[in-house]
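Have a look at the structure below, then the notes.
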Amino acid sequence: MAICRPRSISMPPSPNLFSPDNSQGSVSHSSSAPPWLVRAEFFLRVMVRLYVGVVVLALPWTHFWTDNRLLLYYAPLAKIAFSGITRGLVSGLGILNAWIALSEAIHHHER
């Protein structure tokens with residue numbers, strides 16, 4: 001019985017896309033996308049973050065939080081979810097998300 005060995009294949013070196021001296025393979029959003037698309041993406045990103053922040057801020061204090069079917073079946077989970085600390089933490093995450101969105105919108109600079 002003979003043992004078959006796989007052949008070694010020599011591959012050409014791949015270009016380093018992240019080196020600063022590589023002008024062909026550099027990844028840049030500003031040169032590849034038109035300015036209107038970059039602005040639209042920025043606007044949508046800020047608006048989605050702001051919307052999610054406001055929803056997460058208000059959600060623990062609405063009937064959607066208290067009338068949750070999952071919480072009806074698991075009493076220990078309901079006890080934790082209905083506590084003021086949990087509601088405050090979730091609302092705090094919503095405030096943080098909205099704050100990050102507004103901060104990004106205020107400190108944005110065109111490139």
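Looking at the stretch 66-75, can you tell me whether even one residue there is surrounded by 12 or more Cβ atoms within 10 Å (Cβ to Cβ) and among the basic types (Lys, Arg)? No, there is no match, as no residue in the stretch 66-75 is surrounded by 12 or more Cβ atoms within 10 Å (Cβ to Cβ) and among the basic types (Lys, Arg). Exactly one residue among 100, 85, 80, 106 is of a type in the set (A, V, I, L, M, F, W, C), surrounded by fewer than 13 Cβ atoms within 10 Å (Cβ to Cβ) and closer than 30 Å to residue 33 by Cα, and that residue is 106. Here residue 32 qualifies as at pLDDT 65 or above and either within 30 Å of residue 110 (Cα to Cα) or surrounded by 10 or more Cβ atoms within 10 Å (Cβ to Cβ) (or both).
The values are calculated or read from the model by the stated rules, or taken from the named source; none is laboratory data. All values reported here derive from a predicted model rather than from experimental measurement. Cβ atoms come from the backbone with ideal geometry, glycine included; neighbour counts cover every protein chain shown.
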